[in-house]
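Following: one structure in structure tokens, then a few remarks.
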Amino acid sequence: MSLPYVLLSAAVSLDGYVDDAAPERLLLSSPADFDRVDEVRASVDAILIGAGTIRADNPRLLVNSAERRAARVASGKPEYPLKVTVTGSGDLDPRANFWHTGGDRLVYTTDQGAERASRLLGSTAEVVPLGAELHWRELLEHLHDERGVQRLMVEGGGRVHTQLLQQGLADELQLVLAPLFVGDPGAPRLFGPGTYQDGRLRLVDSRRIEDVVLMRYEPTAPGTGPLPTAADRHWLRIACELAALCPPSETAFSVGAVVVATDGTELARGHSREGDDLVVHAEEVALAKIDPADPRLAGATVYSSLEPCTRRASRPMPCAEVILRAGVRRVVTAWREPDTFVAAADGTGVLRNAGAEVVVLPEFAPLAKAPNEHLPG
């Protein structure tokens, strides 16, 4: 279930529009920001836009800088990122610039739309049918597993951005605010109505670029079920990085843990052997920092680089039980516990049997294992 890192890129007016209602495209970014976008394009493996954006804007989606293209080639990448579009109907204009500039082109569509798209495009693009309906998670998995896409830049339109955010699949939002108003209720807005994540996004960067402002946001609210979100991957990566802070041991794993409320608020973090306690476990450390009466625990998620333990010699209560007694009912982990110290450990099974949701993201296992490479097995 590995997915690419999904970066949403957009520019909006002060009143939230991505364009006006005129036939010509409204240019919201400044020249310097267009160059920044070119730099971001050069850094990714693929660029995706919806078929509606192709019809409305007729973009080329190129890396314009010859120096950046040369750097891509020197690093073993194609001169241009893969260009991707999504269409349910397969209704695509074969004369559009998208099909006749840059490198390889890829179309994701439905079984029904594939026949039409193939007929219209011929050999100008690869057409991939995804079944009776389009599903973003399946599309992203295919891009990652079959096309080797690690970083995906999404440049529109608003419906695509909205769906990826609402489904918890966007790792980052790069939003440029332009100093003008559109004021036309018939003009397109960036985000549509619907249910978005709880809480606030994290602002990780902001800077002025000529007369526009770039803001970079990351989602923080954990998922609520068995399907991982971009925020789940963000927090689990932090847990795995915390494991590297553990004092080394020959008799115990190095583990990191983070506890996060439903709105994305970090409640606590910890790592094995933190402080003066040489036998304390990561989940135990983190949960001990939270008031047991904190009502946010009931909806919180525990992120642990290693599956919570079910048996231990150093404490009467294993971490799986500590988590359950705290009232937490969702755990995200990277690595199932091997038989290094305890045979047939199954913290995942214990938690699930008690009604907790456990999500395992094995793509983070190498990061979780790194501080433990000295241990046998």
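The values are calculated or read from the model by the stated rules, or taken from the named source; none is laboratory data. This is a predicted model, so every value here is computed, not measured. Backbone-built Cβ (ideal geometry, glycine too); neighbour counts: all protein chains shown.
Table for the structure above
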read-out: Residue count for the range 246-286, restricted to those that are outside any loop (DSSP other than H, G, I, E, B) and either charged (D, E, K, R) or within 25 Å of the chain's Cα centre (by Cα) (or both); value: 15
read-out: Residue list for the range 303-322, filter: under 19 Å from Asn353 (Cβ atoms), hydroxyl-bearing (Ser, Thr, Tyr) and not in a strand (DSSP E or B); value: Thr310
read-out: Near pairs, Cβ below 7 angstrom, 6+ apart or cross-chain, from the range 119-144 (assigned to a loop (DSSP other than H, G, I, E, B)) to any residue that is aliphatic (A, V, I, L, M) and at pLDDT 95 or above; value: Ala125/Leu106; Ala125/Val107; Leu130/Leu139; Leu134/Val86
read-out: Members of the range 280-310 found to be of a type in the set (A, V, I, L, M, F, W, C) and either touching a Cys at 6+ places or on another chain (Cβ under 7 Å) or farther than 24 Å from Phe341 by Cα (or both), listed by number; value: Ala288, Ile290, Ala293, Leu297, Ala298, Ala300, Cys309
read-out: Only listed residue being surrounded by 20 or more Cβ atoms within 10 Å (Cβ to Cβ) and either at negative phi or in contact with a Pro (Cβ under 8 Å, 6 or more places away or on another chain) (or both), chosen from Thr124, Thr87; value: Thr87
read-out: Hey, Asp33 over 30 Å from Thr333 (Cβ atoms) and surrounded by 19 or more Cβ atoms within 10 Å (Cβ to Cβ) or not; value: yes
read-out: Search result, residues across the range 162-176 that are within 13 Å of Phe191 (Cα to Cα) and in contact with a Leu (Cβ under 6 Å, 6 or more places away or on another chain); value: Leu173
read-out: Filter result for Phe364 (within 22 Å of Ala221 (Cα to Cα), assigned by TED's automatic domain parsing to the domain that holds Trp235 and touching a residue at least 40 places away in the same chain (Cβ under 8 Å)); value: yes
read-out: Selection within the range 177-209 - within 17 Å of Ala11 (Cβ to Cβ), in contact (Cβ under 8 Å) with a residue 60 or more places away in the chain and charged (D, E, K, R); value: Asp184, Arg189
read-out: Qualifying residue in the range 326-345 (condition: of a type in the set (Phe, Trp, Tyr), part of a loop (DSSP other than H, G, I, E, B) and either more than 19 Å from Thr251 (Cβ to Cβ) or in contact (Cβ under 8 Å) with a residue 24 or more places away in the chain (or both)); value: yes
read-out: Complete set of residues in the range 339-354 that are buried (at least 19 other Cβ atoms within 10 Å of the Cβ) and closer than 24 Å to Ser2 by Cβ; value: Gly347, Thr348, Leu351
read-out: Matching option when the condition is in contact with a Leu (Cβ under 9 Å, 6 or more places away or on another chain) and surrounded by 20 or more Cβ atoms within 10 Å (Cβ to Cβ), among Glu357, Glu274; value: Glu274
read-out: Those residues of the range 284-307 which are among the acidic types (Asp, Glu), out of contact with any Asp or Glu (no Cβ under 8 Å at 6 or more places or on another chain) and either surrounded by fewer than 18 Cβ atoms within 10 Å (Cβ to Cβ) or closer than 17 Å to Pro371 by Cα (or both), in sequence order; value: Asp291, Asp294
